[in-house]
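The next block holds one structure in the form of C-alpha cells; read it before the comments.
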Amino acid sequence: MSMTETDALPAGTWSVDPVHSNVGFGVGYMAGTFTGTFSDFDANVSDGVLKGSAKVASVQVKDPNLEVHLQSPEFFDAERHPDLTFRSRSIERKGGELVIDGEITIKGHTEPVEINGTISEQLTDPYGGTRFGLKLQTTIDRDKFGITWNNPLPSGEPALANEVALTADLQLARQP
C-alpha cells in the first residue's frame, strides 16, 4: 500500500536537529572513495514537503587545502553559489521505505533527482519533544551541475568519478 505525499511524512512542521544529523557525499577517487560532509545545513518538513540546504563554505574533508579547492570555481564555486538546495515534489511511502522525487540545485543548476531512504516511527525524546528520523541517499552526475574538474591518471583514465553519492541522516523535531 502506497501513501500519498501528505501522508508519507508526519503532519505539522519539523526542523532538523543538526547536532544529531549528518549530510555528506562520496565519490570514487583513484582506488577508493573520497568522502566529505557539510557542517552547516538545514532541513525541514512542512505540509508534507521536505526542503533542505547546505552552505558550501561548510564543506569538511580531511585536508584544509582540499576544502578550499572544493569551494573554488572548479567545484562548488562557493562565492557565486553559496548554497546547495533540495525540495521534494512528491513522496511515496511503503512501510518504512521512502521514494522522494524532487529537485536539487548545485552550483546554480537545478536537476530532478530521485532519493531513496527510510523513515523511523515518531518517538518522544527524553525532553518531552517529538522527533522522527530519515536516512536518505541518491546518486547524481556531477557533470550535469558543471562540476567537471578531473586529474587524469597515467593510464589516461580520470582519477575522479562523475557519479557522486549524496547521503543525509536526519533527525527532525516537531516545532510548536
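The values are calculated or read from the model by the stated rules, or taken from the named source; none is laboratory data. Predicted model, so just to flag it, every value in this text is computed and none were measured. All Cβ positions, glycine included, derive from the backbone under ideal geometry; neighbour counts span all protein chains shown. Only protein heavy atoms, including side chains, enter the accessible area calculation; ligands, DNA and RNA are left aside. Shrake-Rupley method; radii C 1.70, N 1.55, O 1.52, S 1.80 Å.
Note on the range 120-176: Cα-Cα pairs beyond 14 Å make up 68% of the total pair count. Using 0.36 nm per residue and subtracting the Cα-Cα separation, the extra length available between E111 and D143 on full extension is 10.4 nm. Just to confirm a number: summing +1 for Lys and Arg and -1 for Asp and Glu over residues other than F25 whose beta-carbon lies under 12 angstrom from that of F25, what do you get? Spelling it out: positives minus negatives among the neighbours equals 0. In the chain, the calculated helix contribution to ellipticity at 222 nm averages -1500 deg cm²/dmol per residue, counting -39,500 (n - 2.57) for every DSSP H run with n ≥ 4.
Take the Cβ atoms of N65 and T85, set R0 to 35 Å, and the FRET efficiency comes out at 0.85. Shown for the chain: lysine pairs separated by 8 or more places, or found on different chains, whose C-alpha atoms are under 16 Å apart, numbering 4.
Structural descriptor for the chain: relative contact order 25 percent, calculated from alpha carbon pairs under 8 angstrom and at least 6 residues apart.
Rolling a 1.4 Å probe over the protein heavy atoms leaves K51 with an accessible area of roughly 90 Å². Surface exposure of the chain, expressed per residue as accessible area with a 1.4 Å probe, stands at 55 Å².
Here the accessible area is traced with a 1.4 Å probe on the protein chains. For the range 1-139, carbon and sulfur cover 52 percent of it.
Mean-square fluctuations from a GNM of the chain, with a 10 angstrom spring cutoff on Cα atoms, peak among S155, S90, S39 at S155. The eigenvalues of the Cα gyration tensor, multiplied by 5 and square-rooted, give the range 38-176 an equivalent ellipsoid with semi-axes of 31, 17, 14 Å from largest to smallest. The label point for V49 and the one for D101, both projected 7 Å from the Cα toward the Cβ, are 1.7 nm apart. Quantify how much of the Cα-Cα distance distribution of the range 1-118 extends past 21 Å, in percent. Tail of the P(r) past 21 Å holds 45 percent of the pairs.
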